[in-house]
1. Could you say which residue among Val485, Val463 is more than 18 Å from Lys411 (Cβ to Cβ), of a type outside the set (D, E, K, R), modelled with pLDDT under 95 and buried (at least 17 other Cβ atoms within 10 Å of the Cβ)?
2. Being open to solvent by less than 30 Å² (accessible area, probe 1.4 Å) and not hydrophobic (A, V, I, L, M, F, W, C) is the filter here, so list the residues in the stretch 466-482 that pass it.
3. Return the residues of the stretch 312-347 that are part of a helix (DSSP H, G or I), open to solvent by less than 50 Å² (accessible area, probe 1.4 Å) and closer than 23 Å to Asn229 by Cβ; say none if nothing qualifies.
4. Before we move on, is Gly295 outside any helix (DSSP H, G or I) and surrounded by fewer than 21 Cβ atoms within 10 Å (Cβ to Cβ)?
5. Name the pairs: first residue in the stretch 96-118 and in a helix (DSSP H, G or I), second residue modelled with pLDDT of 95 or more and open to solvent by 60 Å² or more (accessible area, probe 1.4 Å), Cβ to Cβ under 8 Å, at least 6 apart or on different chains?
6. Would you confirm, using the coordinates I've provided, whether Glu521 is modelled with pLDDT of 95 or more, touching a Lys or Arg at 6+ places or on another chain (Cβ under 8 Å) and not in a strand (DSSP E or B)?
7. What pairs come up if the first residue lies in the stretch 278-297 and is touching a residue at least 12 places away in the same chain (Cβ under 8 Å), the second is in a helix (DSSP H, G or I) and of a type in the set (Asp, Glu), and their beta carbons are under 7 Å apart, counting only those six or more places apart or on different chains?
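The values are calculated or read from the model by the stated rules, or taken from the named source; none is laboratory data. Small disclaimer: the values here were computed from a predicted structure and weren't measured. Heads up, the Cβs are rebuilt from the backbone with ideal geometry, glycines too, and the neighbour counts pull from every protein chain shown. Ligands, DNA and RNA are excluded from the accessible area calculation, which covers all protein heavy atoms including side chains. Shrake-Rupley method; radii C 1.70, N 1.55, O 1.52, S 1.80 Å.
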Amino acid sequence: MKVRASEYKPLLFTTTVRNPKRMKGLLNILSSFDGKTLTDQLAEKIMGELIRYGLYRPMKKTNAVKNKWNDTKTGEFSNILLSDSEVKNMLDNNPQEHKEAGFDKGWPSRFATVFDFAKELGFVYFWQNEKIEFSEIGLKLANSIEVKTDENYILISDSHPEFEQQAFLHALAKSQRNNPFVRVLNENVPLILLLQVIQQLNADKELNGAGISKLELPLVIFWKDNNANELYKLIKNIRKKYKYNPSWEIIIDICVNQIMGGEFKKFKPKSVMNEYPDEFIRKMRLTGLISLRGGGRFIDINTNEQEKVDYILKTYSKYPKFKTEREYFNYMAQTDENLILFVSKAIGVEENNKYLEKWTSVYSFEKIKQELSILSQKGLSNDDILKYLSNPIRLEFLTSLAVKSRFSNVKVIPNYPCDDEGVPTSTAGGNGDQGDIECFENTDGILIEVTMAEGRTQTMMEVWPISRHLEKFSQKSERSMCYFVAPSIFIDSERQIKFVKTEYNLRIEPYTINSFVEHLESTNKLFF
């Protein structure tokens, strides 16, 4: 078979990382087979487990399976496990014609395709008839979520969101464009290139010091080498000619003709100028190093993580090259303890309050209400800031803003980590005794716990931790209560909340997202 020649290509995260939440799920299931020899039979068994949990969904399926999956195409966990017979039927009725180099045709090759990017990022190594080998950082990502089953229901919680950030920071700080896993000629580490260019732009006193604009990001995405200085000079020249608003045609012409030499023609303007940059921003923000400025028009270094940025640039700007996949994987898989030990800058109460006041001046209560309504339906935001936040992060942020917008005198303390603009980079997590949002109204304490979980997952994975958080939180004020906010409230959650009230005298008030907003509009006090 003729091997396709290497060529220069733009960086398309839409065809690689796709959904980080799905990757966590895939690795969580695969981690059960860590150390096992990857035979054809085991590859098919693992694919069967992914089908069982709804993480891989073949086309041909029965109505019973469609109902269990709600026939969605999210690629994430379903709510209900498939039975052994349903899994077998799905495997038998969906033979795979797929063939990957080094793997037998069929389900073994499909396994390789599903996990190939996790392998490239240094999370897990596998090869046919060799042992599946997780890296330390790959196990961190796999364990960033907790997966349980109750009868035939799947229960998932984001138990350690900080693990996810650590894993992607490790991977993206090292990830080389022309590594042995891919056939591209582009020679750079995208995160390093981005940080270096931003630093040079910010150091230039003739420029605005707000980082790189979203309109300029396609230049990074198309860039052929690791010469950040030349890219900085190109951007400065564009700004001299067109200020900060070059047309799409100008940027596309530079990308295609000046950078690629006219070799890259297959694209849609909207993809180059909107879709590619949006996905690039989402993935770079997974590291926690990137802030959004100017209402989302500019991407800058998060100064709260400047120490981490300096370390990464010092350590990984010059990088070794590798000829084999195994050598490259070993490099990617090696844990850098410094990146784990770095402690993010703690945000004080007053600074946090200023962030919330700033964003409530940007977003009116009506806008916040509208965005929460979209979130209650698990819809996508079109806002230039909010669209980069995953649903759980967006819910914590918007809920904090909703409370602050309605009750300016209430001290609102969200426990999510945030960038230097006050935009959360992850959900609250990493501390078993800490809730999502702590509020203080005079001497009264109000804990607000939010979740996108519904159904049995909500009951099993949320209510008991919330009761523990409230018990700890109640020590901080004379009176305390908790709002529990979710898209819908499962009947078993309500029953469990009543039990907690009766048995432990802990007051939890359950609200749907929409009913919570209505409650905020109708009351004069947060504590009632």
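1. From the options Val485, Val463, the qualifying one is Val463.
2. Hits for the stretch 466-482 are Ser467, His469, Ser477.
3. Those that are part of a helix (DSSP H, G or I), open to solvent by less than 50 Å² (accessible area, probe 1.4 Å) and closer than 23 Å to Asn229 by Cβ: Ile312, Leu313, Tyr316.
4. Taking the combined requirement at face value, the residue does not satisfy it.
5. If the second residue must be modelled with pLDDT of 95 or more and open to solvent by 60 Å² or more (accessible area, probe 1.4 Å), the pairs left are Trp107/Glu44; Pro108/Glu44; Phe111/Glu44.
6. Against the criterion (modelled with pLDDT of 95 or more, touching a Lys or Arg at 6+ places or on another chain (Cβ under 8 Å) and not in a strand (DSSP E or B)), Glu521 qualifies.
7. Gly288/Glu305; Leu289/Glu305
Table: residues versus (1) touching a Cys at 6+ places or on another chain (Cβ under 8 Å); (2) modelled with pLDDT of 95 or more.
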| position | (1), (2) |
| --- | --- |
| Ser426 | no, no |
| Gly432 | no, no |
| Asp444 | no, yes |
| Val450 | no, yes |
| Ala453 | no, no |
| Arg495 | no, yes |
| Phe499 | no, yes |
| Ile508 | yes, yes |
| Thr512 | no, yes |
